[in-house]
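Just below is one structure, and these are the notes that go with it.
The values are calculated or read from the model by the stated rules, or taken from the named source; none is laboratory data. Everything numeric here is computed off the predicted structure, so don't read it as measured data. Note: ideal-geometry Cβ built from the backbone for every residue, glycine included; neighbour counts use all protein chains shown. Protein only, heavy atoms only, side chains kept; ligands, DNA and RNA dropped before computing areas. Shrake-Rupley method; radii C 1.70, N 1.55, O 1.52, S 1.80 Å.
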Amino acid sequence: MDQPPTITELAGIPGRPESDDLDEERRRRKTAVIGGYRILSRFGLDEGISGHITARDPERPDTFWTAPFGRHFSTVMPDELLHVASDGTILSGRGPLNRAAFVIHSKVHEARPEVIGAVHAHGLQGKAFSSLHRLLSPITQDACAFHDDHSMYEEYHGVALDEEEGRRIAQALGANKAVILTNHGHLTVGTSVESAVWWYVSMERSMQAELTARAAGEPVVLHDKIAARTYEAVGTEKVGWFAYSTIIQKIAAEEPELFAA
């Protein structure tokens, strides 16, 4: 018996291209990382030396790719990305490794084999919202993407520089797509780099919407059944990948050299 179409199918959301060619897949993931840094920069989510995007390597899944420490999000290029081993050894690439990026992301990738991309930055709204020590409420359609799919890391031990802190964050993330790091910001993951980037941007904006709404009054929270139903339309990995693909078109038109084969 045929299954009824899903909401994303009804909405006409296309699937992500797949490739069995490891070199091609690695190139695609690295390009997505570069594009992700550009997207964060366009949204004003590039603050000093804080923030990092990682992509799991398709051939060596215990390793990942990320930008060198101190490179501005809007300028990093594909051939500059560092290939980092699970012990923090730089396998290829030039420049220093952000210790916090290694500590957090290595443990998240280790705990979640299906996660391909992970994103953390210090967006203004995420920092402000994280100080409230509360989960995001489903008060808007976009916020429903995180309904029953994000958690909170209640502790703050200072800058994440030891591996035990990375383990605690990964444990707090659990099986979710996002975790609010109290008094710090938020972190998102995805089964593609693209979706992880979109979830980060979308969560930042949803936090801004909730902060604005609560400053104006008491927002109406959507009923759990409605929020769950809406999640099926806006919170799947397919939607996350597709949302990224629309934003990146403008950047690709302006910086075609980033996407040259």
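Do you know which residues across segment 49-93 are in contact (Cβ under 8 Å) with a residue 60 or more places away in the chain and assigned to a loop (DSSP other than H, G, I, E, B)? Break it down stepwise before answering.
Restricting attention to segment 49-93, the residues satisfying the condition of being in contact (Cβ under 8 Å) with a residue 60 or more places away in the chain are 50-56, 77-78.
Gly51, Met77, listed by residue number.
Take the residues of segment 121-177 that are among the hydroxyl-bearing types (Ser, Thr, Tyr) and either closer than 25 Å to Arg99 by Cβ or outside any loop (DSSP other than H, G, I, E, B) (or both): which is most open to solvent (accessible area, probe 1.4 Å)? First the steps, then the outcome.
First pass over segment 121-177, keeping only residues among the hydroxyl-bearing types (Ser, Thr, Tyr): 130-131, 137, 140, 151, 153, 156.
Add one more test, that the residue is either closer than 25 Å to Arg99 by Cβ or outside any loop (DSSP other than H, G, I, E, B) (or both), and what stays is 130-131, 151, 153, 156.
On the way: Ser130: 0, Ser131: 63, Ser151: 18, Tyr153: 13, Tyr156: 114 Å².
Only one residue fits best here, namely Tyr156.
Residue-by-condition table, conditions (1) part of a loop (DSSP other than H, G, I, E, B); (2) within 13 Å of the chain's Cα centre (by Cα); (3) closer than 28 Å to Thr75 by Cα:
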{"position": "Ser202", "(1), (2), (3)": "no, yes, yes"}
{"position": "Leu211", "(1), (2), (3)": "no, no, no"}
{"position": "Val221", "(1), (2), (3)": "yes, no, no"}
{"position": "Lys225", "(1), (2), (3)": "no, no, no"}
{"position": "Tyr244", "(1), (2), (3)": "no, yes, yes"}
{"position": "Lys250", "(1), (2), (3)": "no, no, yes"}
Given (1) in contact with a Cys (Cβ under 6 Å, 6 or more places away or on another chain); (2) more than 19 Å from Ser206 (Cβ to Cβ), identify the lone condition not met by Ala227.
(2)
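For segment 87-101, enumerate the residues that are surrounded by 14 or more Cβ atoms within 10 Å (Cβ to Cβ) and at pLDDT 95 or above.
So in segment 87-101, the residues surrounded by 14 or more Cβ atoms within 10 Å (Cβ to Cβ) come out as 90, 93, 95, 97-101.
Once the filter is applied, which keeps residues that are surrounded by 14 or more Cβ atoms within 10 Å (Cβ to Cβ) and at pLDDT 95 or above, segment 87-101 yields only Ile90.
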Just a yes or no: is a residue in segment 52-61 modelled with pLDDT of 95 or more, within 20 Å of the chain's Cα centre (by Cα), within 19 Å of Arg99 (Cβ to Cβ) and open to solvent by 70 Å² or more (accessible area, probe 1.4 Å)?
no
Specify the residue that is most open to solvent (accessible area, probe 1.4 Å); the eligible residues are those in segment 66-86 that are among the small types (Gly, Ala, Ser) and over 18 Å from Gly44 (Cα atoms).
Ser86
Looking at segment 102-119, can you tell me whether even one residue there is open to solvent by 30 Å² or more (accessible area, probe 1.4 Å), of a type outside the set (D, E, K, R) and closer than 30 Å to Asp20 by Cα?
yes
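Mind telling me which of the residues Glu237, Glu232, Glu218, Glu257 ends up being under 20 Å from Glu25 (Cα atoms) and open to solvent by 80 Å² or more (accessible area, probe 1.4 Å)?
Values: Glu237 fails: open to solvent by 80 Å² or more (accessible area, probe 1.4 Å); Glu232 fails: under 20 Å from Glu25 (Cα atoms); Glu218 fails: under 20 Å from Glu25 (Cα atoms).
Only one candidate passes the filter, namely Glu257.
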Do we have any residue at all in segment 178-187 that's of a type outside the set (Lys, Arg), over 25 Å from Arg38 (Cα atoms), out of contact with any Cys (no Cβ under 8 Å at 6 or more places or on another chain) and open to solvent by less than 60 Å² (accessible area, probe 1.4 Å)?
yes
